[in-house]
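Worksheet: one structure, shown below.
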Amino acid sequence: MSFTLSPVTFATRPTVLVVFEAPPEDGVQLTSDSALDEVHLVANALRQFPDIKEVAEVPIRNGLDLADVIRPYYDPAKPYQTVLFNMLENLPVQRTIGALCETMDLPVTDSTYPLGKMEMKAIFRAHGIRVPAGGIIPYGTTDLVASTHACLTRLLKDLSYYEEDYRAQALTPGKFGTLTVIAKNVGSDGSEGISQANVIVLQPNPADGGATYQVQALVDLVRSLQGTYHQTVLVEQFIEGREFNLSLLEKWTEDPAAPGGARREAHVLPLAEIESHPTAEALAHGFRNVVTYEAKWMSESHDGMALERRVPALNVSPTLAEELRGAALGAWHALGLNDYARVDIRVDSRERAYVLEANFPPCIDPDAGFPCALHEGGIAFPDFLRQMVFNAQLRASLNRQRISKVRASVLKAAAALGDVIALNKCKQHAEAAVRSGEQ
């Protein structure tokens with residue numbers, strides 16, 4: 001299905017603030033050089049549009065300094081003239097910025113509340129989206145062996161509850177048999193901490209008749225990850241098969257006849273597959289088609305040379321394409337995403353899609369997957385950025401209009417009752433309800 005961006009006209013000439021993490025006061029750099037290059041790329045691309053008043057690159061230290069940092073660009077009487085282009089990566093900072101933007105009526109791109117891996121998995125499960133079975137090993141546990149066994153027990157319970165092949169079965173290692181898992185940091189992004197060694201094949205333990213798995217290799221891996229990264233580890237069922245990245249783009253269009261005064265269209269861009277071309281030596285050492293840290297960031301490494309992103313993906317049947325798009329759009333709607341995102345999916349031998357995670361906002365460096373999908377879809381990078389600014393401005397304006405209508409109705413009803421206390425409470429509850437999307 002084709003998807004084009006229609007010409008957009010801003011209600012007012014916006015000032016766009018490209019916000020990103022500033023280095024802390026101790027001078028340690030949190031934002032990488034490549035991330036700063038990405039910030040410059042976005043800002044320079046937006047500067048080419050004459051109807052954008054100004055574009056500034058604005059470093060944010062902790063989120064609480066937002067009001068001070070943007071004061072030179074912000075007019076409270078005309079809040080929609082200032083749009084934040086969100087390029088923040090730190091989860092707590094993103095959450096702080098999102099809350100402050102709501103209170104200040106500031107339009108912001110990618111305004112979805114940021115979530116961690118486990119939060120996403122729980123939401124996907126609640127919406128019936130297939131995800132790999134898994135469990136966690138908390139950081140700081142005093143008995144790592146016991147915690148690992150408990151994690152694997154939870155993983156098998158997941159399989160027996162959610163997987164149709166094992167539903168309602170009391171699974172034990174001896175009954176299930178060999179289990180291949182992958183261990184990853186809960187709080188890391190960009191494949192940090194992931195190598196070929198993170199994929200481990202577990203065998204039932206013959207010493208106890210298959211009541212548990214032989215876990216020493218997994219325990220050693222978790223100990224190493226937690227000792228290095230100081231965080232909880234997620235252990236998931238490893239889905240043997242192909243891996244795809246699905247990029248999604250949303251277009252907002254003013255339409256008085258539509259609910260809320262605007263139409264929203266989320267579209268899946270051309271499919272991308274992470275293809276593997278390992279050497280015979282790599283295969284002999286147990287190579288797996290998994291996006292490791294080296295594969296993502298070190299192109300000259302063995303993993304980097306073995307994996308290649310192909311857009312559009314080849315040898316994708318109509319049935320598989322429909323399965324992939326359905327899973328990606330399901331993840332989009334389950335999380336309430338907006339503007340743009342990338343959903344990572346693995347497919348098993350029966351062409352069933354398992355959603356690994358959603359990235360919002362995803363990396364938009366020129367060599368990253370999202371811009372490649374844009375290019376393959378015939379959408380120019382500057383036009384994409386312009387649409388995101390328009391989306392944010394229109395979304396904030398319509399949200400304020402809805403709040404005003406609800407407030408007016410509440411004021412009228414409360415005034416008729418003559419109840420000042422109820423009046424104030426109703427105003428607060430109405431505005432909070434609209435902001436959270438309940439209206």
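What follows is calculated from the coordinates using simple rules that are stated; it is not laboratory data. None of the values given here were measured: they were computed from a predicted structure. Note that each Cβ is placed from the backbone with ideal geometry, even for glycine, and that neighbours are counted across all protein chains shown.
Could you please give the count of residues in the range 313-332 that are over 25 Å from R288 (Cα atoms), small (G, A, S) and crowded, with 21+ Cβ neighbours inside 10 Å? Looking only at that region, the number is 1.
Residues in the range 98-120 that are in a helix (DSSP H, G or I) and either without any contact (Cβ under 8 Å) to a residue 60 or more places away in the chain or more than 22 Å from L249 (Cα to Cα) (or both): G98, A99, L100, C101, E102, T103, M118, E119. When the range 335-381 is filtered for residues that are assigned to a helix (DSSP H, G or I) and farther than 15 Å from E250 by Cβ, the ones remaining, listed by number, are G369, P371, C372, H375, E376, F381. Considering only residues in the range 274-290 that are in contact with an Asp or Glu (Cβ under 7 Å, 6 or more places away or on another chain) and surrounded by 15 or more Cβ atoms within 10 Å (Cβ to Cβ), the one that is nearest to A373 (Cα to Cα) turns out to be I274.
Among helices (runs of 4 or more DSSP H) entirely within the range 242-332, having at least 2 residues that are in contact with a helix residue (DSSP H, G or I) (Cβ under 7 Å, 6 or more places away or on another chain) singles out 293-297, 302-306. Considering each residue of the range 189-210, count those that are hydroxyl-bearing (S, T, Y) and surrounded by fewer than 17 Cβ atoms within 10 Å (Cβ to Cβ), and give that number. Residues that pass the stated criteria total 1.
Residue-wise test of (1) β-branched (V, I, T); (2) surrounded by fewer than 18 Cβ atoms within 10 Å (Cβ to Cβ); (3) closer than 23 Å to A258 by Cβ.
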residue	(1), (2), (3)
M305	no, yes, no
V311	yes, no, no
A334	no, no, yes
A341	no, no, yes
N359	no, no, no
P366	no, yes, no
E376	no, yes, no
R395	no, no, yes
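Counting only residues that are over 30 Å from F381 (Cβ atoms) and of a type in the set (A, V, I, L, M, F, W, C), which one in the range 232-273 is surrounded by the most Cβ atoms within 10 Å (Cβ to Cβ)? Filtering first and then ranking leaves V233. Residues that are aliphatic (A, V, I, L, M) and over 30 Å from the mean Cα position of the chain (by Cα) were ranked within the range 139-154; the one that is farthest from Y229 (Cα to Cα) is A146. Among the residues of the range 71-106, those identified as closer than 24 Å to C363 by Cα and in contact with a Ser or Thr (Cβ under 8 Å, 6 or more places away or on another chain) are T82, V83, L84, F85, N86, E89, G98, C101, L106.
To keep it simple, each residue is scored yes or no on (1) within 28 Å of L41 (Cα to Cα); (2) within 24 Å of the chain's Cα centre (by Cα).
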position	(1), (2)
L283	no, no
F287	no, no
M298	yes, yes
H302	no, no
L324	no, yes
D365	yes, yes
P371	yes, yes
